[in-house]
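Right, one structure below, let's go through it.
The values are calculated or read from the model by the stated rules, or taken from the named source; none is laboratory data. Keep in mind the model is a prediction, meaning the values are calculated, not measured. Backbone-built Cβ (ideal geometry, glycine too); neighbour counts: all protein chains shown.
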Amino acid sequence: MQSVNLAALMVSQCTDRDQQLALVIPPSVGDFTSASSITYGQLRRRIAQLQRGLARLGLVPGDRVVMLSPLGPDFFALALALLASGQVLVFLDGRLDRKRALAVLRAARPRAIVSVRQVLRLWPLLPVLWGTKRIITDAATSGTALGTTPLEALMIEGPDMPEVALQPPDRSALLSFTSGTTGRPKGADRTHGILLAQHNALAGHAPDRAGEIDMPCFPAVVLHNLSVGLTTVLPPIDLRQPGAADPARVLAAIRHFGVNSMSGAPAFMARLASHLDPSPHEGMRRVLIGGAPVSRALGRGLLRAFPGACAEAVYGSTEAEPMTSVTLEELVATPGHGYLVGRRAPVADLRLVELPEIAPPLGVSGLDPFTVPTGQDGEVLVRGPHVNQTYVGDDEAVRRFKVRDPDGSLWHRTGDVARLDPEGRYWLTGRVPDRVTHRGRVLQPFIVEAQLSEQLPDRVALVAHAGAPEGELVVEGARSVADVRHALDALGLPDLPVRTVASIPVDARHNSKIDRPALRALLAAPSQKALP
């Protein structure tokens, strides 16, 4: 196997584009002229400095390092120094609650953690951190703490060319934990080979990159951008709460920095689209949206907001990115049931199947006996060089979500339910554990929710729980009985119970996917108003 390291591509860009801006991070308040930034040449020198500091700290290839600090030039310089040196990056969602965060740390078993003083000053109270190297990123402004090392102390002068340690393609490079909206967070192990394959697959969605200034709402995309030599401008928002973004400030940053390419999750993009209606923004070349299903209403709004842009919805997951894609023009023009996610990516092999909760060992026919026909709902399975193969310290998750093919390859069970239409396009209709049987009729939640999104402006969720085993429709905010009943009548569901809640829980990462376990927990002790 040929040794690889995605950091080699980034270091090459840092060498070839010395004076070009690599990264710009505008402040969330105040004048954009105070934005922090770093050129590719400065980034190259900072990576080399930090590599020497990491070695002096005693970190060696294979050590896991948790990155849990605000995004800034030094965050990405340190991430690249770790990747280039063969250490393993561990990314946590900043909005994980304390219980989940501790569970993630126990699963990751880090050798070091990078965070702010407010977090690391508590390390004596957290046994999971006792044996770690603890690096404070804000020591210059907040001070240091006993048993910690300021990040500045790792910046050791010397030759300004980083050294990239090529790694076997099956060696861990990055652990990223899923959002946990379908259960406890799972640590997807992305190897060096998988990182490179995902980078190559994502590059296929944007073949003409010259002159682009990109604003991604997904921090991991910054690593991809640095590998192709783009200038990245992060949005001036709290990336832990993209659904609460100030669209006017985001648009001001787009105009100030000349951004002509962007990506984000539906909640973030919806705020921009609403703000730009009816005054669209000209000059955007490319818009990518992902992280959750995209409704036709949002697709129409984005096409109005960014006229002339190459606008695309990408379907993927932490374990496999991308799987499919569709232009927003096709999405809004195609009638159907559920959320259209388009045709499979060339790198991905997809199969729709009906499997038991724990898949049996596959025979010589592989998945063929379990594959559903075109037009029928089935669970989405994916395999390919960009698909994660295992989870960290979670044999049960591996047993449930990975299926070994007789040819030796591994299928990943997404848990998503979809159907394939005669034109080769995939439609998401729900998730395996979320099917609702109402009066003997099996309902896929996404089909109901997608159709209602065309008629009701509020977020809605179809969910079954202990108090409503045959399902009920949950509506966010105040909504008149007549509106809801009229919409349900059109779906042939006149007797489906309806309940209003102040807010439907969503995932912590993108604020876009309904957190159904949290919603069920909310409804288990109902205090909300049921509509007659």
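When the residues of region 483-519 are filtered to those that are assigned to a helix (DSSP H, G or I) and of a type in the set (Asp, Glu), which remaining residue is surrounded by the most Cβ atoms within 10 Å (Cβ to Cβ)?
Asp483
Working only within region 51-74, note down all residues that are in a loop (DSSP other than H, G, I, E, B) and either in contact with a Ser or Thr (Cβ under 6 Å, 6 or more places away or on another chain) or at pLDDT below 95 (or both).
Ser69, Pro70, Leu71, Gly72
Out of region 393-415, which residues are assigned to a helix (DSSP H, G or I) and either surrounded by 17 or more Cβ atoms within 10 Å (Cβ to Cβ) or on the phi > 0 side of the Ramachandran plot (or both)?
Selection gives Ala397, Arg400, Phe401.
Taking the condition charged (D, E, K, R) and more than 24 Å from the chain's Cα centre (by Cα), does Arg64 pass? If you could, list the steps in order and put the result at the bottom.
Working: charged (D, E, K, R): yes; more than 24 Å from the chain's Cα centre (by Cα): no.
No: the conditions fail for Arg64.
Of the conditions (1) of a type outside the set (A, V, I, L, M); (2) under 23 Å from Gly131 (Cβ atoms); (3) within 21 Å of the chain's Cα centre (by Cα), Gly58 satisfies every one except a single condition; which number is it?
(3)
Condition check ((1) closer than 26 Å to Leu443 by Cβ; (2) touching a residue at least 40 places away in the same chain (Cβ under 8 Å)) across all residues:
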{"residue": "Gly336", "(1), (2)": "yes, yes"}
{"residue": "Ala345", "(1), (2)": "no, yes"}
{"residue": "Arg351", "(1), (2)": "yes, yes"}
{"residue": "Glu354", "(1), (2)": "yes, no"}
{"residue": "Val392", "(1), (2)": "no, yes"}
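Criterion first (loosely packed, with under 14 Cβ neighbours inside 10 Å and touching a helix residue (DSSP H, G or I) at 6+ places or on another chain (Cβ under 7 Å)) does Asp170 satisfy it?
Spelling it out, Asp170 is indeed loosely packed, with under 14 Cβ neighbours inside 10 Å and touching a helix residue (DSSP H, G or I) at 6+ places or on another chain (Cβ under 7 Å).
Would a scan of region 101-113 turn up a residue that is closer than 18 Å to Pro73 by Cα, in the same structural domain as Arg64 (by TED's automatic domain parsing) and either in contact with a Ser or Thr (Cβ under 8 Å, 6 or more places away or on another chain) or not acidic (Asp, Glu) (or both)?
First, the residues of region 101-113 that are closer than 18 Å to Pro73 by Cα: 113.
Imposing the further condition that a residue be in the same structural domain as Arg64 (by TED's automatic domain parsing) reduces the set to 113.
Then drop every residue that is not either in contact with a Ser or Thr (Cβ under 8 Å, 6 or more places away or on another chain) or not acidic (Asp, Glu) (or both), which leaves 113.
Checked region 101-113: at least one residue is closer than 18 Å to Pro73 by Cα, in the same structural domain as Arg64 (by TED's automatic domain parsing) and either in contact with a Ser or Thr (Cβ under 8 Å, 6 or more places away or on another chain) or not acidic (Asp, Glu) (or both).
Just the residues that are over 27 Å from Val380 (Cβ atoms) and β-branched (Val, Ile, Thr), please, taken from region 427-481.
Scanning region 427-481 gives Val475, Val481.
Assigned to a loop (DSSP other than H, G, I, E, B) and of a type in the set (S, T, N, Q) - does that describe any residue in region 37-49?
No: region 37-49 contains no residue that is assigned to a loop (DSSP other than H, G, I, E, B) and of a type in the set (S, T, N, Q).
With Pro422, Pro433, Pro369 as the choices, which residue is free of Cβ contacts under 8 Å to residues at least 12 places away in the same chain and either in contact with a Gly (Cβ under 9 Å, 6 or more places away or on another chain) or closer than 29 Å to Leu298 by Cα (or both)?
Pro369
Quick one: which of Leu50, Leu89, Leu78, Leu54 is in contact with a strand residue (DSSP E or B) (Cβ under 6 Å, 6 or more places away or on another chain), among the hydrophobic types (A, V, I, L, M, F, W, C) and in contact (Cβ under 8 Å) with a residue 12 or more places away in the chain?
Leu89
Restricting attention to region 1-21, and to residues there that are small (Gly, Ala, Ser) and part of a helix (DSSP H, G or I), which single residue is surrounded by the fewest Cβ atoms within 10 Å (Cβ to Cβ)?
So the residue we want is Ser12.
In this structure, does Val24 turn out to be closer than 29 Å to Ala248 by Cα, in contact with a Phe, Trp or Tyr (Cβ under 7 Å, 6 or more places away or on another chain) and either touching a residue at least 24 places away in the same chain (Cβ under 8 Å) or assigned to a loop (DSSP other than H, G, I, E, B) (or both)?
yes
With the requirement that a residue be under 24 Å from Gly316 (Cα atoms) and assigned to a strand (DSSP E or B), what does region 437-474 give you?
Of everything in region 437-474, those that are under 24 Å from Gly316 (Cα atoms) and assigned to a strand (DSSP E or B) turn out to be Leu443, Val460, Ala461, Leu462, Val463.
Can we say Val463 is in contact (Cβ under 8 Å) with a residue 24 or more places away in the chain, in contact with a Pro (Cβ under 8 Å, 6 or more places away or on another chain) and either farther than 21 Å from Arg520 by Cβ or assigned by TED's automatic domain parsing to the domain that holds Ala313 (or both)?
The answer is no for Val463.
Only one of (1) surrounded by fewer than 19 Cβ atoms within 10 Å (Cβ to Cβ); (2) over 30 Å from Gln241 (Cβ atoms) is not met by Ser480, so which one is it?
(2)
Tally up the residues in region 106-143 that are touching a residue at least 12 places away in the same chain (Cβ under 8 Å) and either aromatic (Phe, Trp, Tyr) or surrounded by 17 or more Cβ atoms within 10 Å (Cβ to Cβ) (or both), please.
23
So how many residues does region 129-177 have that are modelled with pLDDT of 95 or more and in a helix (DSSP H, G or I)?
4
Do you know which residues across region 261-289 are touching a strand residue (DSSP E or B) at 6+ places or on another chain (Cβ under 6 Å) and either at pLDDT below 95 or surrounded by fewer than 21 Cβ atoms within 10 Å (Cβ to Cβ) (or both)?
Arg285, Arg286 - these are the residues of region 261-289 that are touching a strand residue (DSSP E or B) at 6+ places or on another chain (Cβ under 6 Å) and either at pLDDT below 95 or surrounded by fewer than 21 Cβ atoms within 10 Å (Cβ to Cβ) (or both).
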